[in-house]
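The values are calculated or read from the model by the stated rules, or taken from the named source; none is laboratory data. Remember, it's a predicted structure, so these values are computed and weren't measured experimentally. Using ideal geometry, Cβ is built from the backbone for each residue, glycine included, and neighbour counts are taken over all protein chains shown. Ligands, DNA and RNA are stripped out before the accessible areas are found, and what is left, the full protein with its side chains, is counted by its heavy atoms. Shrake-Rupley method; radii C 1.70, N 1.55, O 1.52, S 1.80 Å.
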Amino acid sequence: MGAALVVARYVFAEAVRRRTFTVVGVITAALVGLYAWGAWVAFDAAGEVIQLRNLLVDGTVFVGNQLSGVAIFAQLFLGAVLAVLLSQSAIRGDAEQGLLQPIVARPVGRTAYLLVRCLVVAVFCALFVVAAYAAISVITGLVGDYWPRQPIMPAVYLALAIVVITALTVASSVVLGMTANGIAVFLIFGAGLANGMLVGIGETTGAQGLQDAASIIAWALPFEPLYQAAVHASAQQADGLVASVIQAGPFSGGREPSPWLVPWALTYVAATLTVAATVFSRRDL
Amino acid sequence: MALRLAGYAPDMTAALDVDDLHKAFGPIEALRGVSLRVEAGQVVGLLGPNGAGKSTLVKVLCGLVRPSAGSARVSGHRAGSTGARASLGYLAELFRFPPWLSVEEVVAFHQQLAGSRGGQAERARLIERVGMGHAASRRVDALSKGMQQRLGIAQALVGEPQVVILDEPTSALDPEGRRMVRELVADLRVEGRAVLLSSHLLAEVEQVCDEVVILRRGEVAGSGSVDGLASEHTVTIVTGSGTEVHVAARADVPGLVAGYVERGEEVFEVRPDVNRLEEAYLDLVEDR
């Protein structure tokens, strides 16, 4: 446990020394400021009612849904970028550079080292998306009087999605070098998001085969349904045609999660890290 | 250090105890039945051409590579176990320290990993010992390669390990640094620590090591004391009828000369030529 804490402090100190926290904080503050300005302009322009062709839509609900949907997507994307950049070289990348060997030759368990590296990055990135989500939600509420339908759950889903991405990145870093791992995880991330769109197309067109295939992929890459669950929990309910219009947007509406999603995501993370730790413990460095 | 005999049982008291060690990377057999033993207070040199298996052997001992067969023990613990890693200090051939840490922070980090209670006093002593006292607060990315190697040696000595494994410790060092390493290894011997020194520099091994193991294609091609390996002498004798070269030990020289004198030869010159370690090494590793 002592050595695990030493490694945790080491990973944390690295992020501090490399000014990761400073850069992330400054850029996030700038983005949140930009979001506040955009939200003010959008709500002001929309007014109480928006006319979409011959359909009248509640301006607050429509703009709030669109804005919070885009914001949650941006938080997922930035959180994923952060998670990948901070952990893509965790094992093999560091070993190739000769950074890992002097550490694991010490009495530090390889499993503990892998888990601690994952934990520190996951906690940092999850806190980042939760803080950004909280700031965006407050701004959207104050500027447009649009508050998330469920204030806590979107943050939980987002944080868990980032934990899944971090676990995948650390796990694949056991076998892939830094660049290959970064590319692989971003491709998987993109595939997951594209699969989310396939689910929507399948539901709209009634193509059952497409829905089934997309559903299997969604369970295999649970960060995407978690993201959809975050959007869904954040979105205020709309009725009838308004709901259809909102649902048709690329970033709004979301999907109601299965009750098994969170337990499955936690199991997925545990299984992924168990496999990674097993492979790492047998790997020659 | 000794070659294995039949009926071998693990020696729980040896600092390093390797028995019939094999390691294969796919179809490539990097180690093929290597056995050696290093006792406390002994400095053993590990020699061999590129690809002989030296670094693989060192990595097995440090727990970085899993053996395919055979056993390797460090201070009685299975190589790679927590106990084994806790009792050894290791300087890798190719290594890097986090560039954002200072010299003192690197040593402090390894003190924490090793569970050393030496604190500031140990840090200062080790940094001074490797001649880095003036650069203790300098960041790693501002150090030359040689200074990083000195830092690597300092971290290998954190926690006063009973076994020290140095893989090419002088490869980037200047002459002053090489002398520092020789003196340091001599000090470790006096302190009763076991040292395994892997190096390409035969002269260096000859100066500091008690015994030598020479690897060739994953096998022990030769082993023994430095004096023993370099003990084969040739003696050049110049007489009135010509020059002859004899393979003989130093103790045989008077008898050889007496033989010439008994045969009525005039002996003008007797020149013993010591077969140094380099020649013994080349004899052992060259393709036969």
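Taking every residue in A:136-145 and counting other chain Cβ atoms within 10 Å of its Cβ, the average works out to 0.
The trypsin sites (Lys or Arg not before Pro) of the range A:18-75 meeting both criteria, a DSSP state outside H, G, I, E and B (loop) and at most 13 other C-beta atoms within 10 angstrom of the site's C-beta, are A:R19, A:R53. Return the percentage of antiparallel bridges among DSSP beta bridges fully within the protein assembly as shown, rounded to the nearest 5 %. Of the beta bridges lying entirely in the protein assembly as shown, close to 70 percent run antiparallel.
Against the longest alpha carbon principal axis of chain B, how many degrees, from 0 to 90 and to the nearest 10, is the axis of helix B:253-262 turned? With rounding to tens, the tilt is 10 degrees.
Hey, can you rank A:76-82, B:66-72, B:114-120 by average C-beta count inside 10 Å, highest first? Intermediate results must be reported in sequence, preceding the final value.
On the way: A:76-82: 21.3, B:66-72: 17.9, B:114-120: 14.4.
For the peptides A:76-82, B:66-72, B:114-120, the packing ranking is A:76-82, B:66-72, B:114-120.
When the Cα positions of B:V238, B:S223, B:L173 are compared along the charge dipole of the range B:171-288, B:L173 comes out farthest toward the positive end, with charges on each C-beta of Lys, Arg, Asp and Glu.
Each Cα pair under 8 Å and six or more residues apart adds its sequence gap; the mean of these over the residue count of the range B:16-228 is a relative contact order of 30 percent. Taking the C-alpha atoms only, the angle from helix A:178-205 to the longest principal axis of chain A is near 30 degrees. Sorting the segments B:101-113, B:195-207 by their mean number of nearby beta carbons within 10 angstrom, highest to lowest, gives B:101-113, B:195-207.
Placing unit charges on the Cβ atoms of the charged side chains and taking the dipole of the protein assembly as shown about its Cα centre, the candidate lying farthest along the positive direction among A:S137, B:A194, B:H77 is A:S137.
Please compute the average number of Cβ atoms from other chains found within 10 Å of each residue's Cβ in peptide B:89-97.
On the way: counts 2, 4, 2, 5, 2, 4, 7, 7, 4.
For peptide B:89-97, the averaged partner shielding equals 4.
Phi-derived couplings, Karplus 6.51 cos²θ - 1.76 cosθ + 1.60 at θ = phi - 60°, listed residue by residue for the range A:68-81: 5, x, 4, 4, 5, 4, 4, 5, 4, 5, 5, x, 5, 4 Hz, with x used for Gly and Pro.
Normalised size of chain A, defined as Cα radius of gyration per 2.2 N^0.38 Å with N residues, equals 1.09. Checking every one of the trypsin sites (Lys or Arg not before Pro) in the range A:252-284 against DSSP loop status and a limit of 16 other Cβ atoms within 10 Å picks out A:R282, A:R283.
Both the radius of gyration and Dmax for chain B are 22.3, 78 Å, in that order, over alpha-carbon atoms. Each Lys and Arg contributes +1 and each Asp and Glu -1, all at the Cβ; summed about the Cα centre of the range B:16-228, the dipole is approximately 580 debye. Remark: the range B:62-73, residue by residue, has Karplus-estimated 3J(HN,Hα) of 8, x, 8, 10, 8, x, 7, 7, x, 9, 9, 10 Hz, where x stands for each Gly or Pro and the curve is 6.51 cos²θ - 1.76 cosθ + 1.60 at θ = phi - 60°. Note on chain A: helix-only mean residue ellipticity at 222 nm, from DSSP H runs of 4+ residues weighted -39500 (n - 2.57) and normalised by residue number, equals -26000 deg cm²/dmol.
If the only charges are +1 at each Lys and Arg Cβ and -1 at each Asp and Glu Cβ, what is the size of the charge dipole of chain A around the Cα centre, to the nearest 20 debye? It would help to have the intermediate numbers written out before the result.
Values: 13 positive and 13 negative charges, 241 e Å.
In debye, rounded to 20, chain A gives about 1160.
Averaged over peptide B:108-119, the number of partner chain Cβ atoms lying within 10 Å of each residue's Cβ comes to 4. Counting only protein heavy atoms and using a 1.4 Å probe, the accessible area of A:Y146 comes to about 0 Å².
Ordered by packing density, taken as the mean number of other Cβ atoms within 10 Å over each peptide's residues, highest first, how do A:84-90, A:162-168 rank? It would help to have the intermediate numbers written out before the result.
Numbers: A:84-90: 23.6, A:162-168: 27.9.
Ranking, from highest mean packing down: A:162-168, A:84-90.
For chain B, what is the mean residue ellipticity at 222 nm derived from helices alone (per DSSP H run of n ≥ 4: -39500 (n - 2.57); sum divided by total residues; nearest 500 deg cm²/dmol)? Working shown, then result.
On the way: 10 runs with 95 residues, N = 288.
After summing the helix terms and dividing by residue count, I get -9500 deg cm²/dmol.
Projecting the Cα positions of B:Q162, B:A86, B:V267 onto the charge dipole of chain B (unit charges on Cβ atoms of Lys, Arg, Asp and Glu, taken about the Cα centre) puts B:A86 furthest along the positive direction.
Please say if the range B:150-288 is rounded, prolate or oblate, where rounded means a/c under 1.5 for a ≥ b ≥ c the square roots of the C-alpha gyration tensor eigenvalues, and otherwise the choice is prolate for a/b larger than b/c and oblate otherwise?
Working: a/c = 3.07, a/b = 2.59, b/c = 1.18.
Prolate, since a/c reaches 1.5 and a/b exceeds b/c.
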